[in-house]
Amino acid sequence: MNQKIRKIFKQSGVIPYRVQNGTIEILLITTRDRNNWVIPKGGIAKGMSPPASAAKEAWEEAGIIGQVDVNAVGSYRYRKRGKIYRVQMYLLLVEMLSEDYPEAGLRQREWLDVNLAIQMVKQNSLKKILHQFLQFQSNSCLAFVNTQTSA
């Protein structure tokens with residue numbers, strides 16, 4: 001029983017979203033090689049909480065600033081170069097979008113309808129998190145509409 005124990009590297013990331021003309025949109029970014037659409041994420045910076053580190057990654061990779069919800073919406077795993085990563089995901093309501101940010105020349109970014117964003121990402125575990133976001137947001141919007149119509 002020679003089983004190798006693998007270290008799982010912890011990361012945090014955000015689902016950047018906005019409401020545009022009554023529609024919820026998600027901001028996707030490309031990987032540095034521009035081959036895949038992903039969300040801003042990265043290793044948890046020393047001395048920072050996972051949500052704060054996720055906000056830092058959102059700025060560096062996508063040029064966005066907003067309020068990160070400190071309650072995680074889920075997590076997913078992926079492999080890269082033989083390592084396993086676990087990404088804790090947080091919601092970020094985008095308040096500012098900058099054209100000048102650290103990785104501006106390395107990535108593309110695009111606002112997409114949630115359903116289209118789900119189609120664009122390749123990782124099934126990330127698709128699942130985005131589906132959960134869609135369900136959560138749909139239920140939240142429905143609850144909001146119901147409270148407005150019953151008042």
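The values are calculated or read from the model by the stated rules, or taken from the named source; none is laboratory data. Just so it is clear, the model here is predicted, and its values are computed rather than measured. Quick reminder, even Gly has a Cβ in these numbers, built from the backbone with ideal geometry, and neighbours come from all protein chains shown. Just so you know, the surface numbers come from the protein's heavy atoms only, side chains and all, with ligands and any DNA or RNA stripped out. Shrake-Rupley method; radii C 1.70, N 1.55, O 1.52, S 1.80 Å.
Please determine whether any residue of segment 49-66 is in contact with a helix residue (DSSP H, G or I) (Cβ under 7 Å, 6 or more places away or on another chain) and at pLDDT below 95. Give the steps one after another, and end with the answer.
So in segment 49-66, the residues in contact with a helix residue (DSSP H, G or I) (Cβ under 7 Å, 6 or more places away or on another chain) come out as 64-65.
Narrowing the set further to residues that are at pLDDT below 95 leaves none.
No: segment 49-66 contains no residue that is in contact with a helix residue (DSSP H, G or I) (Cβ under 7 Å, 6 or more places away or on another chain) and at pLDDT below 95.
Hey, can you tell me all the residues within segment 91-131 that are over 11 Å from ILE15 (Cβ atoms), among the aliphatic types (A, V, I, L, M), in a strand (DSSP E or B) and open to solvent by 70 Å² or more (accessible area, probe 1.4 Å)?
MET96, LEU97
Yes or no: PHE144 modelled with pLDDT under 90 and open to solvent by less than 80 Å² (accessible area, probe 1.4 Å)? Let's see the steps before the verdict.
Working: modelled with pLDDT under 90: yes; open to solvent by less than 80 Å² (accessible area, probe 1.4 Å): no.
No; evaluated as a whole, the condition is false for this residue.
Considering only segment 52-90, state which residues are more than 21 Å from LYS127 (Cβ to Cβ), open to solvent by less than 40 Å² (accessible area, probe 1.4 Å) and assigned to a strand (DSSP E or B).
ILE64, GLY66, VAL68
Quick check on this structure: which one of ILE24, ILE39 is over 12 Å from the mean Cα position of the chain (by Cα), open to solvent by less than 60 Å² (accessible area, probe 1.4 Å) and of a type in the set (Val, Ile, Thr)?
Numbers: ILE39 fails: over 12 Å from the mean Cα position of the chain (by Cα).
Just a single option satisfies the conditions, and that option is ILE24.
Restrict the check to segment 63-73 and report whether at least one residue is under 20 Å from VAL94 (Cβ atoms) and either free of Cβ contacts under 8 Å to residues at least 12 places away in the same chain or in contact with a His (Cβ under 9 Å, 6 or more places away or on another chain) (or both).
Filtering segment 63-73 for residues under 20 Å from VAL94 (Cβ atoms) gives 63-73.
From what's left, either free of Cβ contacts under 8 Å to residues at least 12 places away in the same chain or in contact with a His (Cβ under 9 Å, 6 or more places away or on another chain) (or both): none.
For segment 63-73, residues under 20 Å from VAL94 (Cβ atoms) and either free of Cβ contacts under 8 Å to residues at least 12 places away in the same chain or in contact with a His (Cβ under 9 Å, 6 or more places away or on another chain) (or both): absent.
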